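Q: Here it is, the structure, as structure tokens.
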Amino acid sequence: MDQQSIGLSTDRQHVNINKFLSHLIVISMLFLLPEFIMNYALSLSSRSGSGGIQWHMYAKSMVYIIVFYINYYYIIGHTLTPKVRLWRFLSYNFLLLVFALGISYLIWYYFAYLPRIAESAVHPIRNPEKFRMIFVSSVVRDGVMVILTIAFAVALRLSDHWTVLERRRRDMASEQRATELRNLKSQLNPHFLFNTLNSIYALIEISPVEAQTAVHELSQMLRYMLYESPSRVTLSQETSFIRNYISLMELRLPPGTVTTHIDIADMARTDISPLLFISLVENAFKHGNTGNSAAGITIDITASDGVIRCYTHNRFDSKTVVDRQGGIGIANLRRRLLLIYGDSASLTTTIDGDKYTAILEINVSRKQLKK
């Protein structure tokens, strides 16, 4: 058995012990505390001041506790399953009810009834009618207590079962969400690499030296994407990555083509999910009609008052651009935003003639970032 299995086994034992102790405390308060209060009250109200402790009442309370644990750990688990019919549960508990009533009667008879009639040869409860009344009332009381104990065990066991199922459902949903995010990120990396390599390829013939610089910058960016970007990064780290990407893309463009404005001073240390802006920035360069000197690209990232905003604007050639919605990058981005931020994030894209605008807003003050 490996160390992980031993650790899981130990944790499971601790959980079972804690559950047993918590149940014991609860049922002790239900069954033992009332008897203690009653005995104390009888002791105070006794004329002689020595009413004594009625130990048989505590013994009967222990019978209820035993009934509870037999149901909780054995009967319910072995009978209330899809493969077993309800009659077996009822049969087992009927036998347990008869057994518990028999034990309770013996406890009452030998530790309460006999000591009381031994006090006097003419004690009132020697009367058969009196005995019958006490016997019937005792059986009814004990029977009701046993049935309530069984019902309490069933309710608690079903509640624990529901809690386990709910925890398992949340764990499965969390794992499914994490897997989907990993898959989306794995799709993003090749998409980013494909676009960047195309830019470097075009740059090689124009300026080999700048192409070498671009390859070096690309290696730094890939290191961030593949090794240095956990589930959370600071906004400052993410915008630094975007700045590097923009610098890389500007190497093959005429000066002044790209207008960049990044102002995140108020929220520089805010945690966000990584690689949220790259798809929008990529699309601005990929689809922007950069062959036209008048077709500029605008990238604006700001953060203030708990809201992060990424704005990109570019012109495109409607004759060559087939997918105006941004392709797989935008589709993945929408899915990631939904999984991570829900309705705390929005992404809108608009087309006005040959102008394409994308606006991403994340209200980090409304919802904490999910791990």
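The values are calculated or read from the model by the stated rules, or taken from the named source; none is laboratory data. Every value quoted in this text rests on a predicted model; they were computed, and no experiment measured them. Reconstructed Cβ throughout: ideal geometry from the backbone, glycine too, with neighbour counts over all protein chains shown. Protein only, heavy atoms only, side chains kept; ligands, DNA and RNA dropped before computing areas. Shrake-Rupley method; radii C 1.70, N 1.55, O 1.52, S 1.80 Å.
Q: Add +1 for every Lys or Arg and -1 for every Asp or Glu among the other residues with Cβ under 9 Å from the Cβ of His313, and state the total.
A: Net charge in that neighbourhood comes out at +1.
Q: Based on the mean of other beta carbon atoms within 10 Å per residue, what is the order of 277-288, 65-76, 197-208, most packed first?
A: Ranked from most to least packed, the peptides come out as 277-288, 65-76, 197-208.
Q: What whole-number value in Å² describes the accessible area per residue of segment 57-117 for a 1.4 Å probe?
A: Here the per-residue accessible area is 58 Å².
Q: On to the next question. Find out how many positive minus negative residues lie around Val136, taking Lys and Arg as positive, Asp and Glu as negative, among other residues whose Cβ is under 12 Å from that of Val136.
A: With Lys, Arg at +1 and Asp, Glu at -1, the net is +1.
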